[in-house]
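Heads up, the thing below is written out as structure tokens.
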Amino acid sequence: MRCPFCGKEDNRVIDSRPVEENNSIRRRRICDACGRRFTTYEKVETIPLVVIKKDKGREPYDRSKIEGGILRACHKRPVSVNQIKKAVDEIEAEIFDREEKEITSREIGELVMDKVHDLDPVAYVRFASVYREFKDVETFMDELENVLKKKKSGEAKPAETAESAKK
Ligand SMILES: [Zn+2]
């Protein structure tokens with residue numbers, strides 16, 4: 001990516017966000033040579049990103065897999081489709097911020113866990129139990145305890161989720 005002002009190729013991404021209408025990523029960049037900022041739009045399909053699986057096999061990055069995983073974890077939980085969509089957008093922005101051509105499924109899983117944790121505690125435990133493949137009840141309980149502890153200390157926006165859960 002060349003700087004449109006000085007033509008040098010040394011620049012960094014300072015912000016990425018998905019643009020809904022045309023399935024692209026908007027990136028703010030800063031040129032290391034001249035210090036000026038510029039914006040680029042890149043089509044998601046043309047950004048090559050390969051996911052390295054646990055068995056070292058490769059597959060093309062697929063947003064719907066992230067979405068599907070979160071949807072399953074949130075099944076029957078008070079989480080709206082919009083909340084899920086927003087979470088996937090944020091995860092995607094973080095993934096594409098890295099500007100790497102490859103990412104491990106593990107890294108994606110960690111990003112997803114972070115977001116699901118903010119969405120809903122039950123969904124988080126569900127997702128984590130699949131993702132981390134809890135080998136025994138003890139690991140599961142440890143994780144659960146962590147969630148409960150964090151919830152107590154954070155006490156973030158519990159009112160509205162509790163309210164909609166009743167319906
Ligand atoms: Zn420049």
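The values are calculated or read from the model by the stated rules, or taken from the named source; none is laboratory data. Nothing here was measured: the structure is a model prediction, and the numbers come from that model. SASA here: full protein model, heavy atoms, side chains in, ligands and nucleic acids out. Shrake-Rupley method; radii C 1.70, N 1.55, O 1.52, S 1.80 Å.
For the residue pairs Lys56/Lys101; Lys53/Lys76; Lys115/Lys149; Lys43/Lys101; Lys85/Lys149; Lys56/Lys86, the alpha carbons lie more than 20 Å apart in Lys53/Lys76; Lys85/Lys149; Lys56/Lys86. Scalar couplings 3J(HN,Hα) for region 88-98, obtained by applying the Karplus form with A = 6.51, B = -1.76, C = 1.60 to θ = phi - 60°, are 5, 4, 5, 4, 5, 4, 5, 4, 7, 4, 5 Hz; x denotes Gly and Pro.
Going by accessible surface with a 1.4 Å probe and the largest first, Glu42, Glu107 read Glu107, Glu42.
Annotation: per residue accessible area for region 1-78 equals 66 Å², rounded to a whole number [probe 1.4 Å, protein chains only]. Rolling a 1.4 angstrom probe over region 1-143 with all protein chains present gives an accessible area of which 50% lies on carbon and sulfur atoms.
Hey, how many Å between the Cα centroid of region 95-133 and the Cα centroid of region 1-36? What the calculation gives is 26 Å, centre to centre.
Heavy-atom accessible area, probed at 1.4 angstrom with all protein chains present, ranks Lys86, Lys76 as Lys76, Lys86, highest first.
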